[in-house]
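Novice: Handing you this structure, nothing more for now.
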Amino acid sequence: MPASLSNLQDLRTALGQLNAERPASAGPREGYTQYEPRGGDFLRRLDLEVSARQKDARVLVTGQIGVGKSSELLRFSQNQSRRRETIFCDLEKEEHPDRCGATGVFLTVLRDCWSKTLHYQSRVQRSGDRGLSELCHEILIPLIDSLKGQYTQDKRKVVFRFGGMDYPLLLEDRHRALAIILGKAAQHEAVSQPSDRFGLVPDTLVHLVNRVLRWIGGHGAGRVPLLIVDHVDKIRDVGAAEDVLVKAAPHWNRIEASIIMTAPYEHTLGDLRNSVESRWGRPLMLYPLVTPDLAGVSIPPIYLNLGKNAGLERLIRPESLRILAHYSGGILRTFVQFLVQACKEAHLAGHDQIEPSDAKDVVHVHETAYQDYGAANLELLDRIADTGAGLGEAATLLRSPIGILVGEPDRGEQRLRVHPLAQAAVERYRLKKSKAVGVR
Amino acid sequence: MSTAERLAFSINEERRGVHVLLWDEQEDLVRALLILLAALEDDVVVHPLLVSPEQDRIHALKEVVDTRCLLEEEREAEPPSPDSLANRFWVLFVQQASSRIAGPWLNGWRRPLSEPPGTLLVIRHADFESFQRNAPDLASFAGPRLHNASTMLSLVSKDSCARLSASLPPQIEEVLRELPGTLPSRKEIAQWIEAVRSFEDQTGE
């Protein structure tokens with residue numbers, strides 16, 4: 001029997017292959033969207049930046065929310081695995097990016113670098129190399145002191161005080177113990193009041209990170225370590241962004257590896273722009289995808305393939321796919337979310353496939369939900385629709401899911417356009433404005 | 001056509017992600033929640049919590065969030081039990097006018113909030129724009145999973161109709177008393193349920 005979205009089991013199969021909240025996976029994997037190349041030269045440019053400066057590349061990557069930064073970085077990391085020892089540091093994994101501060105970020109980097117060494121553990125044990133155990137000891141002991149850990153009498157256990165609660169930890173497996181301590185310390189840094197924080201400073205952490213990087217470099221069969229620090233772009237507080245991107249820049253420069261780091265888009269545009277660029281260079285932008293015209297014929301292959309990967313090839317009409325792709329504005333998270341919603345919509349309507357009416361319903365709900373713009377925002381959107389410029393002023397609109405879209409630059413200037421879902425609101429605003437002028 | 005049953009369907013089928021329920025009047029919100037609770041599968045256990053800027057509230061919320069932030073090593077050593085807070089469906093009622101403080105806090109925890117079985121954020125409609133601005137990354141996770149209690153139709157399937165309870169769980173009522181507006185009385189709820197049931201009897205919907 002052919003698959004049909006009206007069948008609950010088929011719906012569940014499709015939903016299991018679509019996840020807009022996780023970076024795309026390299027191959028088919030339950031609970032993940034499968035990665036699909038987006039075209040363009042983003043990955044090539046990233047490779048060029050890193051290759052050009054062997055061990056000391058410093059690259060900021062930025063782009064609008066949901067545009068696909070994490071998926072591209074994960075892909076880049078996978079592509080590089082033969083040439084570089086990539087260490088993917090995820091600031092969002094267990095902590096709060098906004099509140100980590102530079103210490104929290106470096107703790108996260110150290111945590112993920114240490115996790116990387118665990119990949120070598122069995123090989124190292126077989127060869128009888130004591131280097132990793134010595135390194136572990138070298139990091140663990142001062143760290144326990146810095147975090148004010150209390151040893152039990154037999155020294156087999158140490159008790160930390162995280163967030164006002166005792167946290168006992170067995171020291172039998174020291175490698176594992178160190179991984180846990182680093183994870184807990186990074187979490188603690190992100191949630192505690194400044195007065196409850198430990199005396200760890202970025203300087204110490206950078207030194208420890210470098211110790212681990214050197215060890216990895218020495219065991220990576222000639223592959224140079226590369227740090228990819230993701231979700232720094234979730235730092236929305238301007239002071240916190242300044243701490244990590246500007247004030248901590250000397251510490252970043254001391255890290256003995258190339259670094260690719262995501263940066264909050266709005267803080268690479270506004271007041272911090274010059275300070276950030278003078279330290280990191282111009283951020284590498286990931287732009288929204290090209291979207292199909294509603295009246296056009298072709299649909300960019302990435303949209304078709306994303307649907308196909310989720311098993312929707314015969315479960316979505318091309319017209320429906322076009323509508324969803326067009327109104328996503330080329331923001332991949334929105335597109336995947338639309339696919340999920342449209343599948344459910346089709347099921348509830350008893351449709352075998354996603355019909356254009358299902359796609360339109362999904363788009364309509366999204367459009368009405370997010371268009372509570374104030375007069376000032378509408379004025380800005382109106383101006384952007386006319387001029388295609390003015391990003392500095394409109395940076396706050398980047399926080400709205402359907403405000404503006406920043407496209408590839410044209411003759412050096414960023415091209416802006418109003419999100420297709422905000423278009424109707426702008427039209428209404430213009431109509432009201434022209435009527436008001438007519439009345440006068 | 002938005003109904004509370006559709007919201008329940010999304011929660012039941014997706015079992016992850018951030019959903020948003022907007023409201024203007026408590027009466028609408030209570031009705032939407034009654035239908036939602038009736039339509040959720042039995043294994044979706046709801047855990048309500050008020051989100052507001054007071055320290056003790058933030059602390060309580062942090063304790064809940066922590067349950068989905070276990071380190072890999074901790075999870076391996078002791079996986080969360082099925083009835084752990086981590087495995088409950090969190091319903092977070094965002095206090096009116098608190099988005100400026102609570103928004104950035106929630107924004108940083110979008111990952112655990114979206115982890116299975118997910119979270120429902122209940123937000124006053126008038127606050128939603130401020131919420132988006134203060135929690136843009138979390139709002140992007142919610143995306144189109146957005147429902148409005150004020151515009152929901154009171155359409156209820158036969159099964160949910162039979163399961164409709166005459167009152168909300170006390171923990172939810174306790175939270176609702178802290179929100180602006182007045183809880184509808186038991187009598188008003190009973191009348192509404194009667195009307196819904198008689199409509200369902202007539203139409204067989």
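The values are calculated or read from the model by the stated rules, or taken from the named source; none is laboratory data. A quick note: this is a predicted structure, and the numbers were derived from the prediction, not measured. Backbone-built Cβ (ideal geometry, glycine too); neighbour counts: all protein chains shown.
Novice: List the pairs whose first member sits in the range A:334-348 and is more than 16 Å from B:Ala139 (Cβ to Cβ) and within 7 Å of another protein chain (Cβ to nearest Cβ), whose second member is in a helix (DSSP H, G or I) and among the aromatic types (Phe, Trp, Tyr), and whose Cβ atoms are under 7 Å apart, counting only residues at least 6 apart or on separate chains?
Specialist: Taking only residues 6 or more apart or on different chains, the pairs are A:Lys344/B:Phe9; A:Leu348/B:Phe9.
Novice: Quick one: how many residues across the range A:20-48 are in a loop (DSSP other than H, G, I, E, B) and touching a strand residue (DSSP E or B) at 6+ places or on another chain (Cβ under 9 Å)?
Specialist: Number satisfying all stated conditions: 12.
Novice: Got at least one residue in the range A:206-229 being assigned to a helix (DSSP H, G or I), over 30 Å from A:Leu405 (Cα atoms), in the same structural domain as A:Asp98 (by TED's automatic domain parsing) and touching a His at 6+ places or on another chain (Cβ under 7 Å)?
Specialist: Looking for residues that are assigned to a helix (DSSP H, G or I), over 30 Å from A:Leu405 (Cα atoms), in the same structural domain as A:Asp98 (by TED's automatic domain parsing) and touching a His at 6+ places or on another chain (Cβ under 7 Å), one finds at least one in the range A:206-229, hence yes.
Novice: Is it true that B:Pro112 is closer than 30 Å to A:Leu178 by Cα, of a type outside the set (Lys, Arg) and out of contact with any His (no Cβ under 7 Å at 6 or more places or on another chain)?
Specialist: So B:Pro112 fits the description; yes.
Novice: Can you name the number of the only condition in (1) out of contact with any Pro (no Cβ under 8 Å at 6 or more places or on another chain); (2) at pLDDT 95 or above; (3) not hydroxyl-bearing (Ser, Thr, Tyr) that A:Gly329 fails?
Specialist: (1)
Residues are listed down the side, and each one gets a yes or a no for (1) of a type in the set (Ser, Thr, Tyr); (2) surrounded by fewer than 23 Cβ atoms within 10 Å (Cβ to Cβ); (3) outside the structural domain of A:Leu110 (by TED's automatic domain parsing); (4) part of a helix (DSSP H, G or I):
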site: A:Val246; (1), (2), (3), (4): no, yes, no, yes
site: A:His267; (1), (2), (3), (4): no, no, no, yes
site: A:Asp271; (1), (2), (3), (4): no, yes, no, no
site: A:Ser275; (1), (2), (3), (4): yes, yes, no, yes
site: A:Arg282; (1), (2), (3), (4): no, yes, no, no
site: A:Leu294; (1), (2), (3), (4): no, yes, yes, no
site: A:Val297; (1), (2), (3), (4): no, yes, yes, no
site: A:Arg314; (1), (2), (3), (4): no, yes, yes, no
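Novice: Out of everything in the range A:1-46 that is touching a Leu at 6+ places or on another chain (Cβ under 7 Å) and farther than 16 Å from A:Arg75 by Cα, what residue ends up being nearest to the other protein chains (Cβ to nearest Cβ)?
Specialist: Selected residue: A:Leu11.
Novice: Of all residues in the range A:129-182, which are among the β-branched types (Val, Ile, Thr) and in a helix (DSSP H, G or I)?
Specialist: Result: A:Ile139, A:Ile141, A:Ile144, A:Ile180, A:Ile181.
Novice: Cβ-Cβ distance below 7 Å, separation of 6 or more or different chains: which pairs start in the range A:385-406 with a residue that is in contact (Cβ under 8 Å) with a residue 60 or more places away in the chain and end on one that is acidic (Asp, Glu)?
Specialist: A:Ala395/A:Glu266; A:Leu398/A:Glu266
Novice: Take the conditions within 12 Å of chain A (Cβ to nearest Cβ) and either of a type in the set (Lys, Arg) or more than 19 Å from A:Pro401 (Cα to Cα) (or both) and apply them to B:Glu129. Does it pass?
Specialist: no
Novice: Looking at the range A:68-80 only, could you name the residues that are in contact (Cβ under 8 Å) with a residue 40 or more places away in the chain and either of a type in the set (Ser, Thr, Tyr) or under 23 Å from A:Leu18 (Cα atoms) (or both)?
Specialist: Within the range A:68-80, A:Gly68, A:Lys69, A:Ser70, A:Ser71, A:Glu72, A:Leu73, A:Leu74, A:Arg75, A:Phe76, A:Ser77, A:Gln78 qualify.
Novice: Output yes when any residue across the range A:58-79 is buried (at least 18 other Cβ atoms within 10 Å of the Cβ), away from chain B (no Cβ under 14 Å) and in a loop (DSSP other than H, G, I, E, B), and no when none is.
Specialist: no
Yes/no matrix, rows are residues, columns are (1) of a type in the set (A, V, I, L, M); (2) within 10 Å of another protein chain (Cβ to nearest Cβ); (3) surrounded by fewer than 18 Cβ atoms within 10 Å (Cβ to Cβ); (4) closer than 23 Å to A:Ser192 by Cβ:
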site	(1), (2), (3), (4)
B:Arg57	no, no, yes, yes
B:Glu73	no, yes, yes, yes
B:Glu78	no, no, yes, no
B:Ala102	yes, no, no, yes
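Novice: Tell me which of these A:Leu147 doesn't satisfy, since it passes every other one: (1) under 30 Å from B:Val64 (Cα atoms); (2) more than 14 Å from chain B (Cβ to nearest Cβ); (3) in contact (Cβ under 8 Å) with a residue 60 or more places away in the chain.
Specialist: (3)
Novice: Right, next: Could you grab me the full set of residues in the range A:252-265 that are in a helix (DSSP H, G or I) and of a type in the set (D, E, K, R)?
Specialist: A:Arg254
Novice: Just give me the residues in the range A:176-186 being over 16 Å from A:Glu95 (Cα atoms) and either modelled with pLDDT under 90 or within 10 Å of another protein chain (Cβ to nearest Cβ) (or both), in sequence order.
Specialist: Across the range A:176-186, the qualifying residues are A:Arg176, A:Ala177.
Novice: When the residues of the range B:15-30 are filtered to those that are assigned to a helix (DSSP H, G or I) and crowded, with 22+ Cβ neighbours inside 10 Å, which remaining residue is nearest to the other protein chains (Cβ to nearest Cβ)?
Specialist: B:Leu29
Novice: Name the helices (runs of 4 or more DSSP H) wholly inside the range B:55-173 in which the number of residues that are over 22 Å from A:Glu92 (Cα atoms) is 2 or more.
Specialist: Output list reads B:55-66, B:128-134, B:158-163.
Novice: Let me ask you something else. Quick test for you: out of A:Glu138, A:Glu189, pick the one residue that is surrounded by fewer than 21 Cβ atoms within 10 Å (Cβ to Cβ) and either in contact (Cβ under 8 Å) with a residue 24 or more places away in the chain or away from every other protein chain (no Cβ under 14 Å) (or both).
Specialist: A:Glu138
Novice: Identify all residues within the range A:357-376 that are more than 9 Å from every other protein chain (Cβ to nearest Cβ) and assigned to a helix (DSSP H, G or I); write none if there are none.
Specialist: A:Ser357, A:Asp358, A:Ala359, A:Lys360, A:His364, A:Glu367, A:Ala375, A:Ala376
Novice: From the list A:Leu397, A:Leu381, A:Leu431, pick out the single residue that is more than 12 Å from chain B (Cβ to nearest Cβ), touching a strand residue (DSSP E or B) at 6+ places or on another chain (Cβ under 6 Å) and either crowded, with 21+ Cβ neighbours inside 10 Å or not in a strand (DSSP E or B) (or both).
Specialist: A:Leu381
Novice: Still on this structure, please answer the following. Just checking, which of A:Leu91, A:Leu11, A:Leu43 is within 30 Å of A:Glu345 (Cβ to Cβ) and either of a type outside the set (S, T, N, Q) or in the same structural domain as A:Val246 (by TED's automatic domain parsing) (or both)?
Specialist: Residue meeting the stated conditions: A:Leu11.
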